[in-house]
């Protein structure tokens, strides 16, 4: 109960501007046809409104899990600059080796980011998914992270117009009452450049889309549009302090939705 109260209070304490932050693990596709190294961009950004870019320091961990085996990818990271609508900041390019059939769970554990205007730290532990040859292997398994969102729908081929259900976990246990911010990646990064492509959706009225996890940590969202959708459970992790200041340790997951033709 104490942990749930801490998570809830951390989520409520985070201001609106901080809630818009999303760590991206972006690849052009989630379904991989040929074996090889898949390019990925790590960007700390506001991808719906193509807003302010936050400076991303070198992650604490960057790895992929395939068939339950973890492969460290830190040596693939290369510093780069990502250009947003009104500023540019440090980001990273990397690669994920995709050879055999199955799922590839990409995980980033970033260094905590200091939000100076609010005097807090933010750490978004992020997962994204690739698949080769339509063979499911790892997508429905927790990865043992400090906090994470476990998908209950295959996250790389959700159908637009259907629903996505996730379960918020902290140290493997469900988090009740977690505030989950939902973000559509209206502006996708340009893999051949340092900026973003044109936005495919306008800014939503009413601010951020938010869901609340139930007593068992579950939440469900109706996915209205094809593309990449991000879900961030705010303050869901066990860590609440970093260098003497408040820390929001968030769980982030990215899914890919497709139109049924």
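I need 252, 168, 98 ordered by Cβ neighbour count within 10 Å, fewest first.
Placing the least packed residue first, the sequence is 98, 252, 168.
Determine by what factor the alpha-carbon radius of gyration of the stretch 19-171 differs from 2.2 N^0.38 Å, reporting the quotient. All intermediate terms of the calculation are to be shown ahead of the outcome.
Details: Rg = 15.6 Å, N = 153, 2.2 N^0.38 = 14.9 Å.
Rg over 2.2 N^0.38 Å, computed on Cα atoms: 1.05.
Quick one: Cα centre-to-centre distance for the stretch 22-78 and the stretch 141-162, in angstrom?
After rounding, the separation between the Cα centres reads 16 Å.
When only C-alpha pairs under 8 Å and at least 6 residues apart count, what is the relative contact order of the chain, in percent? Walk me through the numbers on the way to the answer.
Details: 711 pairs, mean separation 58.1, N = 261.
The normalised contact order for the chain reaches 22 percent.
Using only alpha carbon pairs under 8 Å that are at least six residues apart, calculate the relative contact order of the stretch 152-261 and give it in whole percent.
Dividing the mean separation by the residue count of the stretch 152-261 yields 36 percent.
Anyone know which of 174, 97, 238 comes out most mobile in the 10 Å Cα GNM of the chain?
Maximum fluctuation in the GNM of the chain, among the listed residues, is at 97.
For the stretch 2-258, what mean projected area does the convex hull of the alpha carbons give, in nm²?
Its average projected convex-hull area is 12.6 nm².
Given points 7 Å out from each Cα along the Cα-Cβ axis, report the residue 69 to residue 198 separation in nanometres with one decimal.
Modelled inter-label distance: 4.5 nm.
How far is it, in nm, from the label point at residue 116 to the one at residue 173 when both lie 7 Å from their Cα along the line to the Cβ?
Modelled inter-label distance: 3.9 nm.
Peptides 148-161, 23-36: what's the order by average Cβ count within 10 Å, highest mean first?
Top to bottom by mean Cβ count within 10 Å: 148-161, 23-36.
For the stretch 26-98, what does the equivalent ellipsoid look like in terms of its semi-axes, each the square root of 5 times an eigenvalue of the Cα gyration tensor, given largest first in whole Å? Walk me through the numbers before you get to the answer.
Values: eigenvalues 123, 43, 20 Å².
In descending order, the three semi-axes are 25, 15, 10 Å.
Across 5 Å bins from the origin, how do the percents of Cα pairs in the stretch 70-150 run, short distances first?
3, 11, 17, 20, 20, 14, 9, 5, 2, 0
Per residue of the chain, what 222 nm ellipticity follows from adding -39500 (n - 2.57) for every DSSP H run with n ≥ 4, rounded to the nearest 500?
For the chain, the value works out to -1500 deg cm²/dmol.
Going by how many other beta carbons lie within 10 Å of each one, how would you line up 221, 22, fewest first? Before the final figure, lay out each step's value.
On the way: 221 17, 22 23.
The order, fewest Cβ neighbours first, is 221, 22.
Could you check the simple spin-label distance between residue 259 and residue 135, using points 7 Å along Cα→Cβ, in nm with one decimal?
It is 3.2 nm.
Assuming 0.36 nm per residue, please report the length gained on full extension of the stretch residue 55 to residue 163 beyond their Cα-Cα distance.
Stretched fully, the residue 55-residue 163 segment lengthens by 35.6 nm.
Can you bin the stretch 124-245 into rounded, prolate or oblate? Criterion: square roots of the alpha carbon gyration tensor eigenvalues sorted a ≥ b ≥ c, rounded for a/c under 1.5, prolate for a/b above b/c, oblate for the rest.
rounded
Each value in this text was obtained by applying a stated rule to the coordinates, not by laboratory testing. Bear in mind the structure is a predicted one, so any value in this text is a computation, not a measurement. Note: ideal-geometry Cβ built from the backbone for every residue, glycine included; neighbour counts use all protein chains shown.
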